[in-house]
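K.L.:
First the structure, which I've put down as C-alpha coordinates, then a few questions once you've had a look.
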Amino acid sequence: MSLVADAFVSQIAATDPWPCNATLYQPLKGDQILLSDHASSLAVQAFLRMCNLPVQVVCRANAEYMSPSGKVPFIHVGNQVVSELGPIVQFVKAKGHSLSDGLDEAQKAEMKAYMELVNNMLLTAELHIQWCDEATVEEITRPRYSSPYPWPLNYILAYQKQWEIRRKMKAIGWGGKSIHQVYDDVDQCCQALSHRLGTQPYFFSKQPTELDALVFGHLFTILTTQLTNDELCDKVKSYSNLIAFCRRIEQKYFEDQDRPDSAAGCSVFSKGPVLS
(Lines give C-alpha, C1' and ligand atoms only; values in the text may rest on other atoms or scores of the structure.)
Protein backbone atom coordinates (compact mmCIF):
# COMPACT_ATOMS: atom_id res chain seq x y z
CA MET A 1 0.00 0.00 0.00
CA SER A 2 1.32 3.47 -0.88
CA LEU A 3 1.99 6.09 1.77
CA VAL A 4 -0.94 8.18 0.50
CA ALA A 5 -3.32 5.22 0.60
CA ASP A 6 -2.03 4.18 4.02
CA ALA A 7 -2.56 7.71 5.36
CA PHE A 8 -6.08 7.77 3.89
CA VAL A 9 -6.98 4.45 5.52
CA SER A 10 -5.56 5.67 8.84
CA GLN A 11 -7.56 8.89 8.60
CA ILE A 12 -10.78 7.02 7.89
CA ALA A 13 -10.14 4.59 10.74
CA ALA A 14 -9.38 7.43 13.12
CA THR A 15 -12.84 8.91 12.57
CA ASP A 16 -14.54 5.73 13.81
CA PRO A 17 -15.93 5.87 17.38
CA TRP A 18 -13.64 4.79 20.21
CA PRO A 19 -14.25 1.06 20.78
CA CYS A 20 -14.86 -0.56 24.14
CA ASN A 21 -12.08 -3.10 23.54
CA ALA A 22 -9.14 -0.69 23.00
CA THR A 23 -5.92 -2.17 24.35
CA LEU A 24 -2.68 -0.67 25.65
CA TYR A 25 0.41 -2.87 25.56
CA GLN A 26 3.41 -2.53 27.88
CA PRO A 27 6.17 -4.81 29.24
CA LEU A 28 5.49 -7.13 32.19
CA LYS A 29 4.86 -4.90 35.19
CA GLY A 30 5.93 -7.33 37.90
CA ASP A 31 9.45 -8.23 36.85
CA GLN A 32 10.36 -6.54 33.58
CA ILE A 33 9.15 -2.98 33.02
CA LEU A 34 11.72 -0.24 33.63
CA LEU A 35 11.32 3.25 35.04
CA SER A 36 11.20 5.08 31.69
CA ASP A 37 8.77 2.66 30.04
CA HIS A 38 6.50 2.65 33.07
CA ALA A 39 6.46 6.46 33.12
CA SER A 40 5.58 6.62 29.43
CA SER A 41 2.85 4.00 29.81
CA LEU A 42 1.34 5.74 32.83
CA ALA A 43 1.32 9.05 30.95
CA VAL A 44 -0.73 7.48 28.14
CA GLN A 45 -3.08 5.81 30.62
CA ALA A 46 -3.61 9.13 32.42
CA PHE A 47 -4.24 10.92 29.13
CA LEU A 48 -6.87 8.38 28.04
CA ARG A 49 -8.59 8.52 31.42
CA MET A 50 -8.65 12.30 31.27
CA CYS A 51 -10.37 11.93 27.89
CA ASN A 52 -12.77 9.40 29.46
CA LEU A 53 -11.71 6.76 26.94
CA PRO A 54 -11.60 3.16 28.22
CA VAL A 55 -8.53 1.05 27.59
CA GLN A 56 -7.42 -2.35 28.81
CA VAL A 57 -3.78 -2.62 29.87
CA VAL A 58 -2.12 -5.81 28.63
CA CYS A 59 1.40 -6.78 29.64
CA ARG A 60 3.58 -8.69 27.20
CA ALA A 61 7.22 -9.69 27.54
CA ASN A 62 7.80 -8.78 23.88
CA ALA A 63 5.77 -5.53 23.88
CA GLU A 64 8.82 -3.53 22.75
CA TYR A 65 9.20 -5.76 19.70
CA MET A 66 5.46 -5.71 18.94
CA SER A 67 5.45 -1.89 18.77
CA PRO A 68 5.60 -0.31 15.31
CA SER A 69 8.18 2.19 16.56
CA GLY A 70 10.04 -0.19 18.86
CA LYS A 71 8.91 1.90 21.84
CA VAL A 72 6.25 1.36 24.47
CA PRO A 73 3.50 1.81 25.21
CA PHE A 74 1.37 1.31 22.13
CA ILE A 75 -2.37 1.06 21.71
CA HIS A 76 -4.43 -1.24 19.51
CA VAL A 77 -7.69 0.44 18.51
CA GLY A 78 -9.79 -1.25 15.86
CA ASN A 79 -7.33 -2.10 13.10
CA GLN A 80 -4.91 0.67 14.08
CA VAL A 81 -1.73 0.37 16.14
CA VAL A 82 -0.24 3.62 17.48
CA SER A 83 2.77 4.00 19.76
CA GLU A 84 4.03 6.77 22.09
CA LEU A 85 2.12 9.64 23.65
CA GLY A 86 2.50 12.22 20.86
CA PRO A 87 1.07 10.10 18.03
CA ILE A 88 -1.59 8.70 20.39
CA VAL A 89 -2.70 12.25 21.24
CA GLN A 90 -3.04 13.04 17.53
CA PHE A 91 -4.89 9.78 16.88
CA VAL A 92 -7.33 10.49 19.71
CA LYS A 93 -7.81 14.06 18.48
CA ALA A 94 -8.83 12.73 15.07
CA LYS A 95 -11.59 10.85 16.87
CA GLY A 96 -12.87 14.08 18.36
CA HIS A 97 -11.22 14.00 21.80
CA SER A 98 -8.75 16.67 22.88
CA LEU A 99 -7.65 18.06 26.24
CA SER A 100 -6.15 21.26 24.85
CA ASP A 101 -8.88 22.62 22.56
CA GLY A 102 -9.67 25.29 25.13
CA LEU A 103 -6.16 26.76 24.98
CA ASP A 104 -5.26 29.65 22.71
CA GLU A 105 -2.33 29.40 20.30
CA ALA A 106 0.16 30.94 22.72
CA GLN A 107 -0.86 28.51 25.46
CA LYS A 108 -0.63 25.55 23.09
CA ALA A 109 2.89 26.61 22.12
CA GLU A 110 3.83 26.93 25.79
CA MET A 111 2.33 23.52 26.55
CA LYS A 112 4.36 21.91 23.76
CA ALA A 113 7.52 23.61 25.03
CA TYR A 114 7.03 22.18 28.51
CA MET A 115 6.31 18.74 27.06
CA GLU A 116 9.60 18.95 25.19
CA LEU A 117 11.30 19.92 28.45
CA VAL A 118 9.90 16.84 30.19
CA ASN A 119 10.92 14.53 27.35
CA ASN A 120 14.37 16.08 26.96
CA MET A 121 15.14 16.19 30.69
CA LEU A 122 13.11 13.69 32.72
CA LEU A 123 12.86 10.92 30.13
CA THR A 124 16.50 11.30 29.17
CA ALA A 125 17.51 11.28 32.83
CA GLU A 126 15.53 8.09 33.42
CA LEU A 127 17.23 6.39 30.48
CA HIS A 128 20.66 7.59 31.64
CA ILE A 129 20.15 6.29 35.16
CA GLN A 130 18.85 2.96 33.89
CA TRP A 131 21.58 2.23 31.39
CA CYS A 132 24.61 4.39 32.25
CA ASP A 133 24.78 4.19 36.04
CA GLU A 134 26.65 0.95 36.70
CA ALA A 135 25.04 0.21 40.06
CA THR A 136 21.55 0.60 38.60
CA VAL A 137 22.43 -1.45 35.53
CA GLU A 138 23.76 -4.34 37.61
CA GLU A 139 21.16 -4.35 40.39
CA ILE A 140 17.99 -3.36 38.54
CA THR A 141 18.08 -2.71 34.81
CA ARG A 142 19.79 -5.77 33.40
CA PRO A 143 17.99 -8.31 35.64
CA ARG A 144 14.56 -6.79 34.95
CA TYR A 145 15.00 -6.13 31.24
CA SER A 146 16.31 -9.62 30.53
CA SER A 147 14.05 -11.52 32.97
CA PRO A 148 11.59 -13.00 30.42
CA TYR A 149 14.28 -14.50 28.20
CA PRO A 150 16.49 -17.61 28.48
CA TRP A 151 20.29 -17.50 28.34
CA PRO A 152 22.06 -16.42 26.15
CA LEU A 153 19.22 -14.34 24.62
CA ASN A 154 18.75 -12.44 27.88
CA TYR A 155 22.39 -11.34 27.88
CA ILE A 156 22.37 -10.41 24.18
CA LEU A 157 19.20 -8.32 24.33
CA ALA A 158 20.28 -6.44 27.45
CA TYR A 159 23.70 -5.75 25.95
CA GLN A 160 22.15 -4.49 22.70
CA LYS A 161 19.76 -2.20 24.56
CA GLN A 162 22.51 -0.78 26.74
CA TRP A 163 24.71 -0.13 23.71
CA GLU A 164 21.81 1.59 21.94
CA ILE A 165 21.01 3.89 24.87
CA ARG A 166 24.64 4.75 25.58
CA ARG A 167 25.19 5.63 21.94
CA LYS A 168 22.12 7.90 22.12
CA MET A 169 23.45 9.56 25.29
CA LYS A 170 26.74 10.33 23.56
CA ALA A 171 24.93 11.75 20.54
CA ILE A 172 22.92 14.24 22.63
CA GLY A 173 25.82 15.24 24.88
CA TRP A 174 24.82 13.23 27.96
CA GLY A 175 27.44 10.51 27.60
CA GLY A 176 29.96 12.15 29.89
CA LYS A 177 27.53 13.30 32.58
CA SER A 178 27.95 12.03 36.10
CA ILE A 179 24.95 10.70 37.99
CA HIS A 180 24.96 13.84 40.17
CA GLN A 181 24.83 16.06 37.08
CA VAL A 182 21.81 14.07 35.92
CA TYR A 183 20.15 14.58 39.31
CA ASP A 184 20.83 18.31 39.00
CA ASP A 185 19.16 18.36 35.57
CA VAL A 186 16.11 16.64 37.06
CA ASP A 187 16.01 19.21 39.83
CA GLN A 188 16.15 22.08 37.32
CA CYS A 189 13.30 20.52 35.34
CA CYS A 190 11.21 20.06 38.48
CA GLN A 191 11.92 23.64 39.51
CA ALA A 192 10.62 24.90 36.15
CA LEU A 193 7.53 22.68 36.38
CA SER A 194 6.87 23.73 39.96
CA HIS A 195 7.13 27.41 39.06
CA ARG A 196 4.74 26.98 36.09
CA LEU A 197 2.22 25.01 38.14
CA GLY A 198 2.24 27.40 41.10
CA THR A 199 -0.95 27.06 43.15
CA GLN A 200 -3.11 25.92 40.24
CA PRO A 201 -4.61 22.42 40.25
CA TYR A 202 -3.26 21.83 36.74
CA PHE A 203 -0.68 23.53 34.54
CA PHE A 204 -3.31 25.49 32.63
CA SER A 205 -5.69 26.30 35.48
CA LYS A 206 -8.71 24.11 36.22
CA GLN A 207 -8.65 21.45 33.50
CA PRO A 208 -5.87 18.96 32.67
CA THR A 209 -4.09 18.89 29.34
CA GLU A 210 -1.67 16.50 27.66
CA LEU A 211 1.10 18.18 29.66
CA ASP A 212 -0.53 17.18 32.94
CA ALA A 213 -0.77 13.56 31.80
CA LEU A 214 2.88 13.52 30.73
CA VAL A 215 4.21 15.15 33.90
CA PHE A 216 2.09 12.90 36.11
CA GLY A 217 3.36 9.78 34.35
CA HIS A 218 7.00 10.67 34.96
CA LEU A 219 6.78 12.21 38.43
CA PHE A 220 4.48 9.56 39.88
CA THR A 221 6.73 6.81 38.54
CA ILE A 222 9.85 8.44 39.95
CA LEU A 223 8.13 8.84 43.31
CA THR A 224 6.96 5.24 43.49
CA THR A 225 9.87 3.31 42.01
CA GLN A 226 12.59 1.81 44.19
CA LEU A 227 16.07 2.47 42.76
CA THR A 228 19.50 1.90 44.28
CA ASN A 229 19.11 5.11 46.31
CA ASP A 230 16.50 7.80 46.97
CA GLU A 231 18.26 10.76 45.37
CA LEU A 232 16.09 10.90 42.26
CA CYS A 233 12.89 10.58 44.27
CA ASP A 234 14.10 13.22 46.75
CA LYS A 235 14.55 15.76 43.96
CA VAL A 236 10.84 15.53 43.17
CA LYS A 237 9.74 15.34 46.81
CA SER A 238 11.33 18.71 47.53
CA TYR A 239 8.54 20.40 45.51
CA SER A 240 5.35 20.18 47.56
CA ASN A 241 3.07 21.45 44.80
CA LEU A 242 4.29 18.70 42.46
CA ILE A 243 3.56 16.08 45.13
CA ALA A 244 0.06 17.53 45.59
CA PHE A 245 -0.37 17.55 41.81
CA CYS A 246 0.45 13.83 41.57
CA ARG A 247 -1.86 12.99 44.46
CA ARG A 248 -4.66 15.04 42.87
CA ILE A 249 -4.48 13.18 39.55
CA GLU A 250 -4.14 9.80 41.25
CA GLN A 251 -7.23 10.42 43.35
CA LYS A 252 -9.36 11.88 40.55
CA TYR A 253 -8.49 9.56 37.69
CA PHE A 254 -7.25 6.34 39.29
CA GLU A 255 -8.54 5.95 42.84
CA ASP A 256 -12.07 4.87 41.92
CA GLN A 257 -10.67 2.49 39.30
CA ASP A 258 -7.39 0.57 39.25
CA ARG A 259 -4.76 2.73 40.86
CA PRO A 260 -1.51 3.21 38.94
CA ASP A 261 1.18 0.68 39.67
CA SER A 262 4.75 1.58 40.45
CA ALA A 263 7.57 -0.07 38.58
CA ALA A 264 8.98 -1.60 41.76
CA GLY A 265 6.32 -1.46 44.43
CA CYS A 266 7.13 1.57 46.59
CA SER A 267 4.69 4.42 47.32
CA VAL A 268 5.33 7.80 48.94
CA PHE A 269 1.68 8.64 49.53
CA SER A 270 -0.12 8.07 52.80
CA LYS A 271 -2.84 6.29 50.84
CA GLY A 272 -0.52 4.86 48.26
CA PRO A 273 -1.55 2.98 45.16
CA VAL A 274 -2.71 -0.56 45.46
CA LEU A 275 0.18 -2.31 43.78
CA SER A 276 -0.19 -5.62 42.07
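K.L.:
At q = 0.09, 0.13, 0.23 Å⁻¹, what is the log10 ratio I(q)/I(0) for the range 34-145, with the Debye formula run over Cα points and no solvent?
P.N.:
Here the Debye-derived log intensity ratios amount to -0.29, -0.59, -1.39.
K.L.:
At a 1.4 Å probe radius, which order do T199, T136 fall into by accessible area, largest first?
P.N.:
From most exposed to least exposed: T199, T136.
K.L.:
Using θ = phi - 60° and the Karplus relation 6.51 cos²θ - 1.76 cosθ + 1.60, list the HN-Hα couplings for the range 226-241 in order, rounded to whole Hz, with x at every Gly or Pro.
P.N.:
So the Karplus estimates, Gly and Pro as x, are 7, 10, 6, 8, 9, 5, 5, 4, 5, 4, 6, 5, 6, 10, 4, 6 Hz.
K.L.:
Using the Cα centre of the chain as the reference point, and only Cβ charges (+1 on K/R, -1 on D/E), how large is the resulting charge dipole? Debye, rounded to the nearest 20.
P.N.:
Using only the charged Cβ atoms, the result is roughly 180 debye.
K.L.:
Let me ask another. Within the accessible area of the range 89-210, what % is carbon and sulfur when the probe is 1.4 Å and the other protein chains stay in place?
P.N.:
Reported share for carbon and sulfur atoms: 53 percent.
K.L.:
Only one of the values (i) 27, 20, 19; (ii) 45, 27, 20; (iii) 27, 25, 19 was calculated from this structure for semi-axes √(5λ) of the Cα gyration tensor in Å; name its label.
P.N.:
So the structure-derived entry is (iii).
K.L.:
Which one of T199, Y114, G176 is farthest out on the positive end of the charge dipole of the range 112-211, using unit charges on Cβ (Lys, Arg +1; Asp, Glu -1) and the Cα centre as origin?
P.N.:
Of the listed residues, the answer is Y114.
K.L.:
Now, a different point. What is the range 67-124 by shape, rounded, prolate or oblate, if you read a ≥ b ≥ c off the alpha carbon gyration tensor as root eigenvalues and call it rounded for a/c under 1.5, prolate for a/b larger than b/c, and oblate otherwise?
P.N.:
oblate
K.L.:
Next question, about the same structure. Summing +1 for each Lys or Arg and -1 for each Asp or Glu, what net charge is found among the other residues whose Cβ lies under 10 Å from the Cβ of T209?
P.N.:
-2
K.L.:
To continue, here is another question. So if I place +1 on the C-beta of Lys and Arg and -1 on the C-beta of Asp and Glu, and nothing else carries charge, what would the dipole magnitude of the range 95-139 be about its Cα centre? I want it in debye, nearest 20.
P.N.:
Here the range 95-139 has a charge dipole of around 360 debye.
K.L.:
Helix-derived [θ] at 222 nm for the chain: sum -39500 (n - 2.57) over DSSP H runs of at least 4, divide by residue count, nearest 500?
P.N.:
When only DSSP H runs of four or more count, the value is -16000 deg cm²/dmol.
K.L.:
Let me ask another. About the Cα centre of the range 160-213, how large is the charge dipole given +1 on each Lys and Arg Cβ and -1 on each Asp and Glu Cβ? Please answer in debye to the nearest 20.
P.N.:
320 debye
K.L.:
Continuing with the same structure: Please calculate how many Å² of accessible area the chain carries per residue, with a 1.4 Å probe and no DNA, RNA or ligand atoms counted.
P.N.:
48 Å²
K.L.:
Please list 95-101, 42-48, 126-132 highest first by mean number of surrounding beta-carbon atoms within 10 Å per residue.
P.N.:
Final packing ranking: 42-48, 126-132, 95-101.
K.L.:
Residue by residue through the range 202-208, which ³J(HN,Hα) values in whole Hz follow from phi under the Karplus form 6.51 cos²θ - 1.76 cosθ + 1.60 (θ = phi - 60°), with glycine and proline marked x?
P.N.:
9, 5, 10, 6, 8, 10, x
The values are calculated or read from the model by the stated rules, or taken from the named source; none is laboratory data. All values reported here derive from a predicted model rather than from experimental measurement. When we count neighbours, we look across all protein chains shown, and the Cβ atoms used for this are built from the backbone with ideal geometry, even at glycine. These accessible areas exclude ligands, DNA and RNA; they are computed on the full protein's heavy atoms, side chains included. Shrake-Rupley method; radii C 1.70, N 1.55, O 1.52, S 1.80 Å.
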